[in-house]
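Below you'll find the structure, written out as structure tokens, and then a few comments.
The values are calculated or read from the model by the stated rules, or taken from the named source; none is laboratory data. Only a predicted model underlies this, so the values are computations on that prediction, with no experimental measurement involved. Positions of Cβ are backbone-derived with ideal geometry, glycine not excepted, and every protein chain shown enters the neighbour counts.
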Amino acid sequence: MNSKPRILIARAISPEVVSTLQQHFDVTANPEDVAWSPDELIDRLQGMDGVLTTGSQRIDAALLAACPQLKICANMAVGYNNFDVAAMTAAGVQGTNAPDVLTETTADFGFALLMATARRISESEHYLRAGLWKDWRYDLFAGTEVHGSTLGILGMGRIGQAIAKRGAFGFGMNVIYHNRSQLQPALEAECKARYVGKEELLQTADHLVLVLPYTPEAHHTIGAAEIALMKPTATLINIARGGIVDDAALAKALAARQIAAAGLDVFEGEPAVHPDLLEVPNVVLTPHIASATAPTRLAMAQLAADNLIAYLGGKAPVTPVNQ
Ligand code: DGY
């Protein structure tokens with residue numbers, strides 16, 4: 001009798017999805033749900049045919065060389081900058097991601113972060129909790145207007161488009177975007193969004209939302225020079241990946257009120273956060289939770305599982321990132 005393929009689940013996921021996987025595979029899960037070091041991950045991957053990763057486990061040439069039996073890495077995330085796709089392809093290892101199922105949820109969060117940042121929700125809650133609220137004041141936590149303002153989107157993939165629609169149709173915003181390539185006119189009309197150059201985007205946006213994928217070319221797309229082009233009243237929202245923004249330069253600009261505020265869900269070197277960001281009041285900080293609702297996390301885990309089941313069952317993966 002053929003034994004089942006062996007898979008590793010790198011972090012805790014829904015027991016429901018674990019049970020589904022157990023019907024197909026010999027499953028090893030991460031019992032304490034701890035973040036393994038690269039060496040620990042290599043140790044755990046010995047003898048495994050597949051792995052379900054969460055976006056925090058780096059799959060690179062060194063790991064692949066040490067795990068020659070590995071056939072598939074299924075990321076439970078739409079972003080897959082934790083994969084060295086070229087090394088995976090060279091090693092004959094399939095990579096998959098989890099697109100689509102998180103688009104609307106992530107766009108909701110991007111908008112929530114935009115609203116919280118523009119309307120100074122975290123800052124004012126801290127003030128209230130600290131017992132500092134003594135009376136009504138004309139300019140108490142006066143923020144930045146959202147409705148009718150100009151929403152800039154950098155990276156107009158699925159999530160960017162979903163944010164554009166929220167801004168245009170929900171808040172009457174004037175939506176501009178910049179992307180590697182301009183959308184088809186029909187899609188632009190659907191999103192009520194206008195393509196502009198990157199410089200115009202930076203100079204014109206009242207709220208700039210970053211939703212581009214993190215590639216080596218995207219490193220520090222927003223640094224001191226780009227922030228200097230933004231309006232002093234502008235806000236910057238990053239729900240894409242840490243590393244796209246130069247966090248040190250951003251902290252400096254926020255402290256100097258070069259822009260009004262920022263909302264950050266992702267950080268360079270997370271879970272570490274640049275200490276200077278923790279010192280400035282005009283930034284809303286959240287721990288990489290843009291896709292974190294129970295139904296969406298379940299759908300992401302299910303899609304990763306579907307990819308493992310298909311590929312290790314001899315079928316084409318559902319959402320491949322290398323062919
Ligand atoms: C994604 O899907 O890329 C998210 O950042 C993971 O939570």
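Of the residues making up the stretch 258-272, those that are more than 16 Å from the ligand (Cβ to nearest atom) and part of a loop (DSSP other than H, G, I, E, B) are Gln258, Ile259, Ala260, Ala272. Among residues of the stretch 86-130 being among the β-branched types (Val, Ile, Thr) and under 23 Å from the mean Cα position of the chain (by Cα), the one that is farthest from Thr53 (Cα to Cα) is Ile121.
Taking the stretch 207-257 as the range and being part of a loop (DSSP other than H, G, I, E, B) and within 16 Å of the ligand (Cβ to nearest atom) as the test, the residues that pass are Val211, Leu212, Pro213, Tyr214, Thr215, Ile239, Ala240, Arg241, Gly242, Gly243, Ile244. The helices (runs of 4 or more DSSP H) found wholly in the stretch 70-168 and carrying at least 1 residues that are surrounded by fewer than 17 Cβ atoms within 10 Å (Cβ to Cβ) and aromatic (Phe, Trp, Tyr) occupy 121-129. Hey, any hits in the stretch 176-189 for a residue that's at pLDDT 95 or above, within 16 Å of the ligand (Cβ to nearest atom) and not in a helix (DSSP H, G or I)? No, the stretch 176-189 has no match at all. Would the stretch 57-75 turn up any residue that is within 16 Å of the ligand (Cβ to nearest atom), under 21 Å from Ala292 (Cβ atoms) and free of Cβ contacts under 8 Å to residues at least 60 places away in the same chain? Taking every residue of the stretch 57-75 in turn, at least one turns out to be within 16 Å of the ligand (Cβ to nearest atom), under 21 Å from Ala292 (Cβ atoms) and free of Cβ contacts under 8 Å to residues at least 60 places away in the same chain.
Scanning the stretch 12-48 for residues that are within 27 Å of the chain's Cα centre (by Cα) and part of a loop (DSSP other than H, G, I, E, B) yields Ala12, Ile13, Ser14, Asn30, Pro31, Glu32, Asp33, Val34, Ala35, Trp36, Ser37.
Return a yes/no flag: does the stretch 30-53 have any residue that is modelled with pLDDT under 95, within 24 Å of Glu270 (Cβ to Cβ), within 16 Å of the ligand (Cβ to nearest atom) and of a type in the set (Gly, Ala, Ser). Yes: the stretch 30-53 contains one or more residues that are modelled with pLDDT under 95, within 24 Å of Glu270 (Cβ to Cβ), within 16 Å of the ligand (Cβ to nearest atom) and of a type in the set (Gly, Ala, Ser).
Scanning the stretch 299-321 for residues that are part of a loop (DSSP other than H, G, I, E, B) and aliphatic (A, V, I, L, M) yields Ala316, Val318, Val321. For the stretch 274-304, the candidate set comprises residues that are within 16 Å of the ligand (Cβ to nearest atom) and either of a type in the set (Val, Ile, Thr) or more than 20 Å from the chain's Cα centre (by Cα) (or both); within that set, the residue that is surrounded by the fewest Cβ atoms within 10 Å (Cβ to Cβ) is Ile289.
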